[in-house]
1. Once Cα extents along the principal axes in Å is worked out from the coordinates, which option in (i) 63, 38, 33; (ii) 121, 78, 39; (iii) 68, 41, 34 does it equal?
2. What area, in nm² and to one decimal, does the C-alpha convex hull of the range 103-170 cast on average over all directions?
3. Could you tell me the calculated FRET efficiency between Thr129 and Ala206, based on Cβ-Cβ distance and R0 = 35 angstrom, to the nearest 0.05?
4. Percent of accessible area on the chain owned by carbon and sulfur, 1.4 Å probe?
5. Which value in nm describes the separation of the simple spin-label points at Arg268 and Ile213, placed 7 Å from the Cα toward the beta carbon?
6. Mind ordering 77-83, 131-137 by average Cβ neighbours within 10 Å, highest first?
7. How big is the dipole moment of the range 151-305 about its Cα centre under a simple scheme where the beta carbon of each Lys and Arg is +1, that of each Asp and Glu is -1, and everything else is neutral? Debye, nearest 20, please.
8. Can you quote the Å³ per residue value for the convex hull of the Cα atoms in the range 149-305, rounded to an integer?
Amino acid sequence: MPEDLDFDLTFSPSYGVPVTIAAGVQRLTVNNPSPFTFHGTNSYIVGTSSVAVIDPGPEDEAHFEALMAALEGRHVSHIFVSHTHRDHSPLARRLKAATGALTVAQGPHRASRSLHAGEINPLAESADTDFVPDIAAGDGERIEGDGWALTVLHTPGHTANHCAFALENSGILFSADHVMAWATTIVAPPDGSMADFMASVEKLLARGDEDRIFFPGHGGPVTEPASFLRGLRTHRRMRERAVLERIRAGDRLIPDMVTAIYARTDPRLHGAAALSVLAHLEDLIGKGQVATDGPPSLSGIYTLA
């Protein structure tokens, strides 16, 4: 399968040091690298004397101290949380207690669909189910601070409550885990939904030239958002076609499809790849192109409809 996305792996995390990346925007990266977080989770500070923090990150003492040092002498009015995975939201509680800021998110953690009978959520431990925002912001809601304003864009797919945040009059979109320059995000049922993810890609594409740069939850910026989004859409459609081709070739089980489709992928990511294939299969079943006995699952047997 030809490569259709030009990933950018160049990124210096500068752990513990706030990096100015745009006027009134600083990035501070958590030292929590992994195959799923790249070099770590990015927290962002927006504003000058009175600021907002986007995605405080995991419960990490060194990062908390680095954030507090970076915020010294400045008033924190809001803490924005893009979604409730444990590498993004847990530190919001300590930061709120230390600063008195209001937390803003789409809502508490929830799955994209209900669990099927006997199904276990494989990513349940990744969810921060304790987080409840002070402000449950709706899609398109504008939150204003001193010298800045952020518009909340509901972008489900990676999680049901995932949001991006557009910084007014800047061309900057904080895309969190929906769109990243270094890799495609995990879409893992039941937390994630491929149909929702693709709809969110179209939603950001429809914004056109409003966004000139994306600052993601991990790694460096997406510097040409429109073309990258089109490539991301093509990439997912190619994955969908690959799943259909494997079924046509006789594969009936997800592990067999993963072995063929993700032959060049780090084996440590094959578990996540299986969940991505399941997400595609759920979408294809919804479109009437694939069939399975009972609800779709990681152990299901799949055929063409």
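The values are calculated or read from the model by the stated rules, or taken from the named source; none is laboratory data. Computed from a prediction, not measured in an experiment: that's the story for all the values here. Here the Cβ positions follow ideal geometry from the backbone for every residue, glycine too, while neighbour counts run over all protein chains shown. Heads up: the accessible areas ignore ligands, DNA and RNA and are worked out on the full protein's heavy atoms, side chains in. Shrake-Rupley method; radii C 1.70, N 1.55, O 1.52, S 1.80 Å.
1. (i)
2. The orientation-averaged projected area of the Cα hull of the range 103-170 comes to 5.6 nm².
3. Values: r = 32 Å, r/R0 = 0.92.
Taking R0 as 35 Å, the efficiency between Thr129 and Ala206 is 0.65.
4. 53
5. 3.0
6. Final packing ranking: 77-83, 131-137.
7. That gives a dipole near 420 debye.
8. Cα convex hull per residue, to the nearest whole number: 104 Å³.
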